[in-house]
Structure formats: structure tokens, C-alpha cells
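The values are calculated or read from the model by the stated rules, or taken from the named source; none is laboratory data. On a predicted model such as this, the values are computed, not experimentally measured, just so you know. Note that each Cβ is placed from the backbone with ideal geometry, even for glycine, and that neighbours are counted across all protein chains shown. These area figures cover heavy atoms from the full protein model, side chains too; ligands, DNA and RNA do not enter into them. Shrake-Rupley method; radii C 1.70, N 1.55, O 1.52, S 1.80 Å.
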Amino acid sequence: MLKDPFALDEIAARTWCRPGEELLWRIGPRRGHVASDIAGRRSAPHHAGDRIAAPRLEAPDWPVPSEPVGEGRYHGDEWAHDPSIWAQARAGDPRAAAARCADGLAAGQADAWLVLSAQRLAVVVAESHAPEPAAGGWLARAKSFAENAVPGSRTEDVALTTLWEIPGSSIHHFDAVPAGREIEPQWFGLIAFHDGSVLMVRVDGKVAAESVVSAGAGVFAP
């Protein structure tokens, strides 16, 4: 698992960013589950099912969501008080941007990073280079990478793989929002898409939430 954000920046610059592209914001590795409210169906944790090809990663040892949140028995944003929930996606259609982003985050599990550049928003995971590509497509290659990865390997031996991405032009706006029903709110960075779907990501306080807005300004810069 890649835990160092500065190492992530280095790897992204070398293996993921296009010419002239640089990261504006990144958050990870994940520290909890993704909840979803998609087409009237609530899930916590969200599961990608077979909607996205992903590496076989070890299931994270995270606390399970509380029973009311796991069963969708909450009102409004009460789910924000469950510390096991790291993000929430809301969409009217499972093909909407926030829903597909939730698929990518669910597939990447504890290894997933959410990254933003002026060109795109993406879910990425880091993987060690295999000596030779394994036969059988992406899943076989990912398994080979996982089996041959050496903990603590140099960043020169690691690349980023995209599980999901969308052009920056698909994003409507960014916001910093308080959530929950307590005196001290839980703060989230909010990404709203033109299709009406929304992704909320838990951050450490109001300043961190506002940093999402500041980074998002780079997407709409002339």
C-alpha cells in the first residue's frame, strides 16, 4: 500500500500525468468505507460488483458501518457521524459520475487514491512493475503484481494504474460542506458533477475541506 502523499506525487509525475499535467489535489490512502445512495438504493459499504475491472486486493481491516447506516435507515446526512464512512456518493443512476467513482474507490479498497488535475478526476492505485506481463489480461497482471510486490520498494519501481477517471469538464463545482446533526459538524469536500450526482469525501476539518475548493479552481482556470 502506498501511504506517502509525496511519493504519490512523484509517481504520478513520472507514470500518470500527461505532458503539462500536474496534480492539484489528492487524498488517500482511504481510511474507511464508501457509502452510496444510488437510484433510491442505499448501500454501506458500496460494492463495485462486476462493473469495474480491479486488482485482487486484501480486504481492509476497517470497522463495519453501524447497523442503521449499513441498512440505509438514516435521515438526511446522519451517516456522516459514522466514523467508518470515508465518503458518500449520491446519484440517480448507477452510470452517473459519482456512482462510477464510488465503484472505483470500492474496487481499490485501502489502496485507492482520489486524485485531481486540471484535466481529470481519477481513482488510482499504485502497483509494482512485474518483470514480465502475465497472461490472461488485467486481473492476471494485477495478481502477478501483488504477488511480486516488495514492501518498501523504491518509487522508481512503482506506477499508477487508473481504475476510473472523468474529464474535468464533467465537474460542475467544488464545495466545502459541513454535515451531520451535532454542534461540531463533520467536514467534507464535495464534488458535484454536471449529471447531478455528488461525491462527498471526509476531510480533517474546515480548512482541509476548503482546500478542495481551492484545488478545484484550477480545473476551471482559463
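Note on residue 9 and residue 67: the model spin-label points, each 7 Å out from Cα along the C-beta direction, lie 4.6 nm apart.
Counting only DSSP beta bridges whose two residues both lie in the chain, roughly 85 percent are antiparallel. Could you pull out which residues in the range 94-118 have an amide N less than 13 Å from a spot 7 Å beyond the Cα of residue 21, following the Cα-Cβ vector? Once the point is set 7 Å along Cα→Cβ of residue 21, 115-118 turn out to lie under 13 Å by backbone N, inside the range 94-118.
Carbon and sulfur together cover what percent of the accessible area of the range 1-118 at a 1.4 Å probe radius?
On the way: 2850 of 5720 Å².
So the carbon and sulfur contribution to the accessible surface is 50 percent.
Taking label positions 7 Å along the Cα-Cβ direction at both residue 53 and residue 1, the computed distance is 2.6 nm, reported to one decimal.
When the helix-only estimate is applied to the chain (DSSP H runs of n ≥ 4, each -39,500 (n - 2.57), divided by the residue count), what is the mean residue ellipticity at 222 nm, nearest 500 deg cm²/dmol?
Working: 5 runs with 49 residues, N = 222.
After summing the helix terms and dividing by residue count, I get -6500 deg cm²/dmol.
Using only the alpha-carbon atoms of the chain as identical scatterers, what base-10 log of I(q)/I(0) does the Debye formula give at q = 0.08, 0.10, 0.16 Å⁻¹? For the chain, the Cα-only Debye profile gives -0.28, -0.44, -1.13.
Could you give the accessible area per residue of the chain, probe 1.4 Å, as a whole number in Å²? Numbers along the way, then the final one.
Numbers: 11160 Å² over 222 residues.
Value returned for the chain: 50 Å² of accessible area per residue.
Full extension of the chain segment joining residue 221 with residue 93 gains 43.1 nm, where the gain is 0.36 nm per residue of separation less the Cα-Cα distance.
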